[in-house]
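The values are calculated or read from the model by the stated rules, or taken from the named source; none is laboratory data. All figures in this text were calculated on a predicted structure; none of them were measured in a lab. A quick note on method: Cβ atoms are made from the backbone with ideal geometry, for glycine too, and the neighbour counts reach across all protein chains shown. Ligands, DNA and RNA are stripped out before the accessible areas are found, and what is left, the full protein with its side chains, is counted by its heavy atoms. Shrake-Rupley method; radii C 1.70, N 1.55, O 1.52, S 1.80 Å.
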Amino acid sequence: MKRIIISRKGNETLAAVTVGGELTAVYSEQIDSPKLVGNIYKGRVQNFLPGMRAAFVDIGRDKNVFLQFSAKQKFSVGEDVLIQIEKEAVGMKGARATLNISLAGRVLIFLPTLNYIGVSNKIRGCERDRLHALAKKIRPQNSGLIVRTAAEGCDEKIFLDDLNDLQKIWARILERNVKRKSPALLYSDNDLLEKIVREEFTAEAEIVVDNLKIQRRLSELVPTEKIFFHDKPAQIFETFGLTAELATLNQRELPLPSGGQIVIDRTEALTAIDVNTGKFIGRTNFDATILQTNLEAAEVILKQLRLRDIGGIVIVDFIDMEEDVHKKILMDNLREGSRIDRNRTKIVDMTPLGLVEITRHSSHH
């Protein structure tokens, strides 16, 4: 049973998604500090970083955004560019932008400026081939499509309906691009409720909400019989036994079942995660205990990356293991566990120092 639980407290909207009672995703939004990722702007090039093929672009906010481009692309200062934000500002660093626009629908991602066809890594075998062929058949000229995991089992009509909606959005963006002076916001993908419904709602899901305004908005997006009102707002997450787990999402240190812990430090450049053993490790089966702790850590780390939507480079310092066979078990476990992440996650090999690098795309959409 899939349940989407949405609560509004003060100026924050928080949504938790559970499958069979287990927390699988978290969405949040501060009304006074809207997210930029996914937004499309008509920006103006301010200056260049020589040698880096990068520019700073004014989008009408207090900080310019950082844009990298290929050797083939030429811009001059003062020129207008159509860009999409792909990474939020962190600390002193402004947001990062890309020229490769992507618009996410329910089953497809439309790439109006890229000649490309892709299929979600979660879809395998004959179905993958079928959906690739379908995407190839309907793809508009000189543009691209990525088939999302939710497309499994879909027919051509669903694809065409989704593509049609996305092409209409793109046409509106192009129209605004012509009419508006830079810098200007042309499109925002940050209606949180729309995003949650698109990403998470399925025929068998139900939504529980503690705010009448949100309930009304949701009834425009999903059948009303799927929405249930919870009239004790202070306890909505408690009712579903999620309060403690949601609280851990802001913690730097997290305990592991057998007594170890992981420590998560996010910096501007990367996220560093340290795995520590518990206080008492029996000498008798030292190696097995370390492997057990590392495997527990791997599971918790992959889940935290998903729930906190941590993107970019992640470096994990597991506890040193002597046995090569144990290292292989850990790496296989990480690779298998990363498959359930709907975002592209790559487990890079262990370095000679025992560090594991993970790269993950955070959720644009």
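Points worth noting:
- Point-to-point label distance, Glu323-Arg124, nm (Cα→Cβ direction, 7 Å offset): 2.6
- Over the chain, Cα pairs under 8 Å with separation of 6+ residues give a relative contact order of 14 percent.
- When the convex hull of its Cα atoms is projected in every direction, mean area for region 70-110 (nm²): 4.6
- The shape of region 1-151 comes out oblate: with a ≥ b ≥ c from the C-alpha gyration tensor, a/c is at least 1.5 while a/b does not beat b/c.
- Between Leu212 and Asp349, full extension at 0.36 nm per residue minus the direct alpha carbon distance yields a gain of 44.4 nm.
- Structure-derived log10 I(q)/I(0) by the Debye sum over Cα atoms at q = 0.08, 0.09, 0.11 Å⁻¹: which label, when the choices are (i) -0.48, -0.61, -0.92; (ii) -0.54, -0.68, -0.97; (iii) -0.58, -0.68, -0.88: (i)
- For region 1-131: accessible area per residue (Å², 1.4 Å): 50
- Region 117-239 - percent of accessible surface contributed by carbon and sulfur, probe 1.4 Å: 51
- Calculated accessible area for region 146-269 comes out at 57 Å² per residue, all protein chains present (probe 1.4 Å; ligands, DNA, RNA ignored).
- Inter-site label distance for Leu99 and Asp341 at 7 Å from Cα along Cβ, in nm: 2.9
- Percent carbon-and-sulfur accessible area, region 1-98, ignoring ligands, DNA and RNA, probe 1.4 Å: 52
- Extension gain, Glu245-Val90: 0.36 nm per intervening residue step, less the Cα-Cα distance, totals 53.3 nm.
- The apolar share of the surface of region 275-365, taken as the fraction of accessible area on carbon and sulfur atoms (1.4 Å probe, ligands and nucleic acids excluded), comes to 52 percent.
- Short-range pairs are left out: with C-alpha atoms under 8 Å and at least six residues apart, the relative contact order of region 263-365 is 29 percent.
- Whole-number accessible area per residue in Å² for region 314-365, which is evaluated in the context of all protein chains at 1.4 Å: 58
- Cα centroid separation - region 18-43 against region 213-276, whole Å: 12
- Accessible-area value, Tyr187, 1.4 Å probe, nucleic acids and ligands omitted, Å²: 40
- Potential lengthening of the chain between Arg180 and Asn276 amounts to 29.1 nm, from the contour at 0.36 nm per residue minus the alpha-carbon distance.
- Legend: residue pairs Lys232/Lys346; Lys122/Lys327; Lys157/Lys226, Cα-Cα distance threshold 31 Å; pairs beyond threshold, Lys232/Lys346.
- Computed over region 189-239, the range of Cα coordinates on each principal axis works out to 28, 24, 18 Å, biggest value leading.
- Pair-distance distribution of region 289-365: all C-alpha pairs, bin width 10 Å, starting at 0; shares per bin in whole percent are 19, 56, 22, 3, 0.
- Anisotropy class assigned to region 231-362 is oblate, per the alpha carbon gyration tensor with a/c at or over the 1.5 cut-off and a/b no larger than b/c.
- Here the relative contact order of region 67-201, from alpha carbon pairs under 8 Å that lie six or more residues apart, stands at 21 percent.
- Projected-area mean, region 46-89, by convex hull of Cα positions, square nanometres: 3.3
- Hits among lysines - C-alpha to C-alpha of Lys35 under 23 Å, sequence gap 8 or more where chains match: Lys9, Lys63, Lys87, Lys93, Lys181, Lys195, Lys213, Lys303
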